[in-house]
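The values are calculated or read from the model by the stated rules, or taken from the named source; none is laboratory data. Worth saying up front: this structure is predicted, and the values here are computed from it rather than measured. All Cβ positions, even for glycine, are placed from backbone atoms using ideal geometry, and neighbour counts span all protein chains on display.
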Amino acid sequence: MQGDAYLKCVNPKCGLEYPISSTNVQCDNGHVLDVKYKNKPPTKLKETFYERRNSKGSIFNESGIWRFRELLNFCQIDTESIEECSKFLVSLDGAEGRQSKPYKMSKAAEFLGRNTEGLWLQPEGYNPSGSFKDNGMVTAVTHAKMVGAKKIVCASTGILQHQLECLQQMKELIVMCIFLQDKLHLENLVKHINLELKLYK
Ligand SMILES: [Zn+2]
C-alpha cells in the first residue's frame with residue numbers, strides 16, 4: 001500500500017495534490033486538504049477485520065479504529081506485526097472505539113417514517129473519556145507523529161485527560177495549548193504530563 005495515500009485539496013475547482021508526508025494543512029490557494037487514496041481497499045479486507053475480532057493480544061486489533069487500519073491508512077500500514085504498528089500508530093491501549101457498535105434503530109426509524117432497516121446509530125460513550133474525541137485524537141496524534149510534529153495545539157472545553165494518555169507517547173515532543181474554563185481540569189492535566197498550558201475563558 002506504499003504510495004497509496006496523498007493529500008488533495010477539497011475544492012474541486014482547485015484540486016492541488018501533495019505527498020502524504022507534507023505538513024501542509026492548506027493548499028497553496030488556501031483551501032483545506034483531505035487525505036485521499038489512489039486505490040479502493042479490497043473487499044476481502046472484511047474477512048481480515050472479522051478475523052481481528054480475535055485480537056491475539058494486539059491492541060491494534062482491539063482498537064475500534066486500528067482494527068480497520070487499512071481504511072485509515074495514511075501511515076500506509078499493511079501489517080499484522082504489533083511492533084511495526086507500534087512505530088506508527090498511537091493508541092489508548094486499544095480502547096478507542098472498542099466498545100462502539102452500531103445499533104439498528106428500527107423503532108426510531110418507524111417513528112420517523114423511515115425504512116426500519118436503514119437507520120443505525122452508534123453511541124460513542126463507551127470510549128475511555130466517554131467522548132468520541134478519543135477516536136479522533138488517536139488518529140490526529142498518529143498523523144502528527146508521522147509528519148514529525150513537535151507541537152500539538154488542541155482546543156477543548158474540558159476533559160482531555162484520557163486523550164493525554166495517548167499523547168504521553170510523544171511527551172518529549174509535545175507542547176500543548178488547551179482552552180479550558182475549569183482551572184481544576186488544568187491542574188489535573190499538569191500532574192499527568194509536562195505540558196505548556198494556556199487558559200482561556
Ligand atoms: Zn486548493
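Out of (1) over 14 Å from the mean Cα position of the chain (by Cα); (2) free of Cβ contacts under 8 Å to residues at least 40 places away in the same chain, the odd one out for GLN76 is which?
(2)
Determine if segment 113-126 includes at least one residue that is modelled with pLDDT under 70, in a loop (DSSP other than H, G, I, E, B) and in contact with a Lys or Arg (Cβ under 9 Å, 6 or more places away or on another chain).
No; the residues of segment 113-126 include none that is modelled with pLDDT under 70, in a loop (DSSP other than H, G, I, E, B) and in contact with a Lys or Arg (Cβ under 9 Å, 6 or more places away or on another chain).
Any idea how many residues of segment 21-48 are more than 16 Å from the ligand (Cβ to nearest atom) and without any contact (Cβ under 8 Å) to a residue 60 or more places away in the chain?
Total meeting the criteria: 12.
Restricting to segment 1-20, what's the tally of residues that are near the ligand (Cβ under 8 Å from one of its atoms) and touching a strand residue (DSSP E or B) at 6+ places or on another chain (Cβ under 9 Å)?
Adding up the residues that qualify gives 5.
Scan segment 24-62 for residues that are among the hydroxyl-bearing types (Ser, Thr, Tyr) and either within 18 Å of the chain's Cα centre (by Cα) or within 16 Å of CYS85 (Cβ to Cβ) (or both) and report the count.
Counting residues in segment 24-62 that are among the hydroxyl-bearing types (Ser, Thr, Tyr) and either within 18 Å of the chain's Cα centre (by Cα) or within 16 Å of CYS85 (Cβ to Cβ) (or both) gives 4.
Could you check, for segment 80-100, whether at least one of its residues is among the hydroxyl-bearing types (Ser, Thr, Tyr), crowded, with 19+ Cβ neighbours inside 10 Å and within 21 Å of ASP134 (Cβ to Cβ)?
Yes, the conditions are met somewhere in segment 80-100.
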